[in-house]
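Here is the structure we will look at.
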Amino acid sequence: MAERQGSIGTLVSPASPIVTLVSPEVELTLGVEEGQIGQVKEGQKAEVVVTAYPNEPFQAKVELIAPTADPKTRTFQVKVRPETEEGKLRAGMFAQVQIVVAEKERALLVPKEAIVTKGGQTLLFVVKGDMAEARQVKLGLSQDGTIEVLSGVEAGEEVVVAGGNDLRDGDRVKRS
């Protein structure tokens with residue numbers, strides 16, 4: 001019971017609520033933009049993080065996707081239900097939800113800061129000896145400050161993370 005709206009001896013009508021009941025099960029409702037709704041499917045994995053437990057993500061699944069968009073926000077309501085939460089999640093908590101749209105094993109990731117756009121090309125600078133070598137790269141998925149590199153660089157190569165906008169192919173670099 002979340003709230004008692006009357007006390008013993010209070011006169012109430014049949015239409016008057018006397019208590020508010022809250023389900024022990026938690027579900028999250030979020031709005032997904034029209035451009036991203038095609039990537040969301042029922043049963044898809046999700047991860048929920050709340051302020052009360054910032055280092056303890058809760059595994060969840062997409063349970064329901066609204067068939068129509070909200071006309072005011074142009075977003076689709078998506079309901080996500082945590083798989084287990086041991087009573088830690090409660091109604092009214094602020095939560096961040098990430099829906100897993102794709103998983104890849106052995107993806108090559110670099111910090112987003114390493115990616116440079118010059119002349120309409122997406123580049124990454126690789127350190128060869130003490131020189132910067134510009135490489136045109138093709139990018140994939142991104143998450144948490146990293147971005148997947150599909151081609152243009154190999155695993156194990158050192159990349160320039162800071163100052164890439166000021167570099168040109170063949171410039172000398174110092175490791176810090």
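Hey, could you check the range 72-86 for residues that are loosely packed, with under 11 Cβ neighbours inside 10 Å and either without any contact (Cβ under 8 Å) to a residue 12 or more places away in the chain or among the hydrophobic types (A, V, I, L, M, F, W, C) (or both) and say which is nearest to Glu25 (Cα to Cα)?
Checked the range 72-86; the qualifying residue nearest to Glu25 (Cα to Cα) is Glu86.
Taking the stated definitions as given, is Gln44 out of contact with any Phe, Trp or Tyr (no Cβ under 6 Å at 6 or more places or on another chain) and either surrounded by fewer than 15 Cβ atoms within 10 Å (Cβ to Cβ) or over 20 Å from Asp144 (Cα atoms) (or both)?
The answer is no for Gln44.
Among (1) assigned to a loop (DSSP other than H, G, I, E, B); (2) closer than 23 Å to Ala91 by Cα, there is one condition Thr10 misses while meeting the rest; what is its number?
Answer for Thr10: the failing condition is (2).
Can you pull out the residues in the range 21-49 that are closer than 14 Å to Ala91 by Cβ and modelled with pLDDT of 90 or more?
Thr29, Val48, listed by residue number.
Can you confirm whether Val26 is surrounded by 15 or more Cβ atoms within 10 Å (Cβ to Cβ), in contact with a strand residue (DSSP E or B) (Cβ under 8 Å, 6 or more places away or on another chain) and part of a strand (DSSP E or B)?
no
Return the residues of the range 146-156 that are surrounded by fewer than 16 Cβ atoms within 10 Å (Cβ to Cβ) and part of a loop (DSSP other than H, G, I, E, B); say none if nothing qualifies.
Of everything in the range 146-156, those that are surrounded by fewer than 16 Cβ atoms within 10 Å (Cβ to Cβ) and part of a loop (DSSP other than H, G, I, E, B) turn out to be Glu154, Ala155, Gly156.
The values are calculated or read from the model by the stated rules, or taken from the named source; none is laboratory data. All values derive from a computational prediction rather than experimental measurement. Please note: Cβ atoms are built from the backbone with ideal geometry, for glycine as well, and neighbour counts cover all protein chains shown.
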